[in-house]
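Peer 1: Shown below is the structure under consideration.
The values are calculated or read from the model by the stated rules, or taken from the named source; none is laboratory data. Bear in mind the structure is a predicted one, so any value in this text is a computation, not a measurement. Positions of Cβ are generated from backbone atoms using ideal geometry, with glycine treated the same way; all protein chains shown enter the neighbour counts.
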Protein chains: 2
Amino acid sequence: MSTPGLGLPMVVPAPDLPARVRIHEVGPRDGLQNEKATVPTGVKAEFIRRLADAGLRTVEATSFVHPKWVPQLADAEALFPQVKDLKGVHLPVLVPNMRGLERALALGADRIAVFASATESFAKANLNRTVEESLAVFEPVVARAKDEGAHVRGYVSMCFGDPWEGAVPLHQVAHVCGALLDMGCDELSLGDTIGVATPGHVLELLAALNEQHVPTSVLGVHFHDTYGQALANTLAALEHGVTTVDASAGGLGGCPYAKSATGNLATEDLVWMLHGLGIDTGVDLGRLVATSEWMADRLGRPSPSRTLRALSHKEQ
Amino acid sequence: MSTPGLGLPMVVPAPDLPARVRIHEVGPRDGLQNEKATVPTGVKAEFIRRLADAGLRTVEATSFVHPKWVPQLADAEALFPQVKDLKGVHLPVLVPNMRGLERALALGADRIAVFASATESFAKANLNRTVEESLAVFEPVVARAKDEGAHVRGYVSMCFGDPWEGAVPLHQVAHVCGALLDMGCDELSLGDTIGVATPGHVLELLAALNEQHVPTSVLGVHFHDTYGQALANTLAALEHGVTTVDASAGGLGGCPYAKSATGNLATEDLVWMLHGLGIDTGVDLGRLVATSEWMADRLGRPSPSRTLRALSHKEQ
């Protein structure tokens, strides 16, 4: 889709970019887990169905974390069965430990994600463990998931900067990536959790990982738009050959008007760029915009996605 | 400046980017002309002084257009003398015609800008002339400005898409650029007035202009963030060798919450990327953020700049 009837954006490929990008949609999990509002289970299921209808082929559905830590996703057991039979879409779920994995497997989940940190400070704050302790927890989880034939994604957060430690050495990121791959992860997602990265840093990290025998084909990027850098960083990653990009429909997960805005890259803004570049995503932008508008209505607040606002049929 | 005390962003140059970028700050002119609020002359002068103090070396000050068309800038005659003696900063002013030029020259302006359109629809809507008629108006204006020793910038709007015509052929843009250079313009600013461009389109236009003997050294880029693409497009332009980038302090000029948001690229978001890339701008980001916060208070609304919001000392 484009600006209706006007043929915009003009489609002009750039040299040496991938022909196709897989968007890993994180709105229902990473997005809603960071929203204040608690969304009814039926609305979440409808959101996931609409995202699949819009052409997204990977939609991270929920998290089997203890409800005490993420009350917004406490209904994982009720939600997952409502969507698991959707055709043509992968529905990974996040699991924090073996107990979460067993709950997910019992419901038939066949795509699992674990969430590691590149920094000690965030491992402590988010997981209440050291980096090594958290990796030790994940090792049998990943092994068991692989035994069950599941596909496993490893998130690595704080790859480009940490709110307590500042700069994050490349070798720390490479170490965690290597450990996750060694234990059997099929793919990794490199997270700029506080949104501070710039394009040279992205290229340097990707090259450093390649040098440590981590192929680009297993790497996805997960940028936050806190400093407005997410799409420029994505372009740099595409130039390096990355073909998996995480994004959140409507930019869910960060309040657009708060100082602490730490929202994910909005899927709409990403799709506008990719389609302008002639890169196939499978996504129908018009349906995606309609879905994110519908969800914004449910949440009772406007979306921070600029493309969504530009294409919206409503005055906001 | 960076996140205080944390050394962020990490400074990591990318291959083949320029060592230095000249930011052409358009907030006081392009920004304020599109704000609903009318700002007192003294506040405008203070804004320009603070931008210069923050290290910006080119600050487009105002427009000598008829007050009937742009009432927000009706005080050009009162404002310009208050700032013209600022040291170390260029203060270009926009002039629509010979009468505007004479008013500007009489006050000692030595940098002039004219504003052309790449499309007939926008020429008609904005200038009430055909493209050729508007170029004919500019020809003696540019000649007279050059005779007086002034530096002349030519804006070319709607280079990447037009809200009435949709796609804009490259040869139309090249024709207007060539005409402006032939009449004596020293530099051009390629405007994505409705913010629809994507990076491949940027690279294609720059290459097409080079083929038409327009050197990259005279080209600046002027992106709007309507679809969130401005910074990614800027990265593409830098990769092509562009070293002049237009931006608006605090993203002035587009309402952050309106459907019709058509704001300029925020200078803060641009500076974050450039400094992360190790590119010299001369700008002190902390002072710039403080200036844009001060201006947002005067306008009574928050800034759409994501970097500004992330670095703000205030809860918003």
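Peer 1: Any residue that is in a strand (DSSP E or B), within 18 Å of the chain's Cα centre (by Cα) and farther than 17 Å from A:Ala116 by Cβ - is there at least one of those in segment A:215-223? Outline the logic, then answer.
Peer 2: At the first step, the residues of segment A:215-223 found to be in a strand (DSSP E or B) are A:219-223.
Imposing the further condition that a residue be within 18 Å of the chain's Cα centre (by Cα) reduces the set to A:219-223.
Retained after the next criterion (residues that are farther than 17 Å from A:Ala116 by Cβ): A:223.
Within segment A:215-223, one or more residues are in a strand (DSSP E or B), within 18 Å of the chain's Cα centre (by Cα) and farther than 17 Å from A:Ala116 by Cβ.
Peer 1: So, in segment A:106-124, of the ones that are surrounded by fewer than 18 Cβ atoms within 10 Å (Cβ to Cβ) and not charged (D, E, K, R), which residue ends up nearest to A:Ile194 (Cα to Cα)?
Peer 2: Top of the filtered list is A:Ser121.
Peer 1: How about segment B:287-303: which of its residues are of a type in the set (A, V, I, L, M, F, W, C) and within 13 Å of B:Arg50 (Cα to Cα)? Before the answer, list the steps.
Peer 2: Step one: list which residues in segment B:287-303 are of a type in the set (A, V, I, L, M, F, W, C), which gives B:288-290, B:294-296, B:299.
Answer for segment B:287-303, where residues must be of a type in the set (A, V, I, L, M, F, W, C) and within 13 Å of B:Arg50 (Cα to Cα): B:Leu288, B:Val289, B:Ala290, B:Trp294, B:Met295.
Peer 1: Moving to a separate point now. Between a first residue in segment B:98-127 that is within 25 Å of B:Gln172 (Cα to Cα) and a second residue that is modelled with pLDDT under 95 and surrounded by fewer than 16 Cβ atoms within 10 Å (Cβ to Cβ), which pairs have beta carbons less than 8 Å apart while being 6 or more apart in sequence or on different chains?
Peer 2: That search, which allows pairs on different chains as well, returns B:Thr119/B:Trp164; B:Ser121/B:Trp164; B:Phe122/B:Trp164; B:Ala125/B:Trp164.
Peer 1: Just to be sure before I move on: is B:Val43 within 14 Å of chain A (Cβ to nearest Cβ), surrounded by fewer than 21 Cβ atoms within 10 Å (Cβ to Cβ) and touching a residue at least 40 places away in the same chain (Cβ under 8 Å) in the structure I sent? Give the steps one after another, and end with the answer.
Peer 2: On the way: within 14 Å of chain A (Cβ to nearest Cβ): no; surrounded by fewer than 21 Cβ atoms within 10 Å (Cβ to Cβ): yes; touching a residue at least 40 places away in the same chain (Cβ under 8 Å): yes.
It is false that B:Val43 is within 14 Å of chain A (Cβ to nearest Cβ), surrounded by fewer than 21 Cβ atoms within 10 Å (Cβ to Cβ) and touching a residue at least 40 places away in the same chain (Cβ under 8 Å).
Peer 1: How many residues, within segment A:229-252, are assigned to a loop (DSSP other than H, G, I, E, B), crowded, with 24+ Cβ neighbours inside 10 Å and either more than 8 Å from chain B (Cβ to nearest Cβ) or modelled with pLDDT under 95 (or both)? Steps first, please.
Peer 2: The first filter runs over segment A:229-252 and keeps only residues assigned to a loop (DSSP other than H, G, I, E, B), leaving A:229, A:241-243, A:252.
Among the residues that remain, those that are also crowded, with 24+ Cβ neighbours inside 10 Å are: A:229, A:252.
Going one step further and asking which of them are either more than 8 Å from chain B (Cβ to nearest Cβ) or modelled with pLDDT under 95 (or both), we end up with A:252.
Residues in segment A:229-252 being assigned to a loop (DSSP other than H, G, I, E, B), crowded, with 24+ Cβ neighbours inside 10 Å and either more than 8 Å from chain B (Cβ to nearest Cβ) or modelled with pLDDT under 95 (or both): 1 in total.
Peer 1: I'd like to know if segment B:192-213 contains one or more residues that are under 20 Å from B:Ala61 (Cα atoms) and either in contact with an Asp or Glu (Cβ under 6 Å, 6 or more places away or on another chain) or at pLDDT 95 or above (or both). Talk me through it step by step, then tell me what you get.
Peer 2: Of segment B:192-213, the ones under 20 Å from B:Ala61 (Cα atoms) are B:193.
Then drop every residue that is not either in contact with an Asp or Glu (Cβ under 6 Å, 6 or more places away or on another chain) or at pLDDT 95 or above (or both), which leaves none.
No, segment B:192-213 contains no residue that is under 20 Å from B:Ala61 (Cα atoms) and either in contact with an Asp or Glu (Cβ under 6 Å, 6 or more places away or on another chain) or at pLDDT 95 or above (or both).
Peer 1: Within the bounds of segment A:46-57, is there any residue that is crowded, with 22+ Cβ neighbours inside 10 Å and either farther than 24 Å from A:Asp186 by Cβ or small (Gly, Ala, Ser) (or both)? I'd like the intermediate steps shown before the answer.
Peer 2: Here is the first cut: in segment A:46-57, the ones crowded, with 22+ Cβ neighbours inside 10 Å are A:47-48, A:51, A:54, A:56.
Next, only the ones that are either farther than 24 Å from A:Asp186 by Cβ or small (Gly, Ala, Ser) (or both) stay: A:47, A:54.
Yes, segment A:46-57 has at least one match.
Peer 1: Considering only residues that are of a type in the set (Phe, Trp, Tyr) and at the interface with chain B (Cβ under 9 Å from one of its Cβ atoms), which ones fall in segment A:265-316?
Peer 2: At the first step, the residues of segment A:265-316 found to be of a type in the set (Phe, Trp, Tyr) are A:272, A:294.
A:Trp272 - this is the single residue of segment A:265-316 that is of a type in the set (Phe, Trp, Tyr) and at the interface with chain B (Cβ under 9 Å from one of its Cβ atoms).
Peer 1: To continue, here is another question. Would you pick out the residues in segment B:7-35 that are more than 30 Å from B:Phe64 (Cα to Cα), modelled with pLDDT of 95 or more and not in a loop (DSSP other than H, G, I, E, B)?
Peer 2: The one that is more than 30 Å from B:Phe64 (Cα to Cα), modelled with pLDDT of 95 or more and not in a loop (DSSP other than H, G, I, E, B): B:Arg20.
Peer 1: Kindly indicate which of A:Leu190, A:Leu203 is of a type in the set (A, V, I, L, M), closer than 20 Å to B:Gly276 by Cβ and away from chain B (no Cβ under 12 Å). Even if it seems obvious, please write down each step before you answer.
Peer 2: Numbers: A:Leu203 fails: away from chain B (no Cβ under 12 Å).
So the residue among A:Leu190, A:Leu203 that is of a type in the set (A, V, I, L, M), closer than 20 Å to B:Gly276 by Cβ and away from chain B (no Cβ under 12 Å) is A:Leu190.
Peer 1: Go through the residues of segment B:150-170 one by one and say whether even a single one is farther than 23 Å from B:Gln33 by Cα, surrounded by fewer than 17 Cβ atoms within 10 Å (Cβ to Cβ) and among the acidic types (Asp, Glu).
Peer 2: Checking segment B:150-170: not a single residue is farther than 23 Å from B:Gln33 by Cα, surrounded by fewer than 17 Cβ atoms within 10 Å (Cβ to Cβ) and among the acidic types (Asp, Glu).
Peer 1: Sticking with this one: Quick check, is B:Val196 among the β-branched types (Val, Ile, Thr), away from chain A (no Cβ under 14 Å) and within 17 Å of B:Phe122 (Cα to Cα)? Give the derivation first.
Peer 2: Numbers: among the β-branched types (Val, Ile, Thr): yes; away from chain A (no Cβ under 14 Å): no; within 17 Å of B:Phe122 (Cα to Cα): yes.
No: the conditions fail for B:Val196.
Peer 1: Answer with yes or no whether B:Thr226 is among the polar types (S, T, N, Q) and in a loop (DSSP other than H, G, I, E, B). Working first, answer last.
Peer 2: Numbers: among the polar types (S, T, N, Q): yes; in a loop (DSSP other than H, G, I, E, B): yes.
When the stated conditions are applied, B:Thr226 passes them.
Peer 1: Also: As an exercise: evaluate B:Lys68 against (1) assigned to a loop (DSSP other than H, G, I, E, B); (2) touching a helix residue (DSSP H, G or I) at 6+ places or on another chain (Cβ under 9 Å); (3) not small (Gly, Ala, Ser) and give the number of the one condition it does not meet.
Peer 2: Looking at each condition in turn, B:Lys68 falls short on (2).
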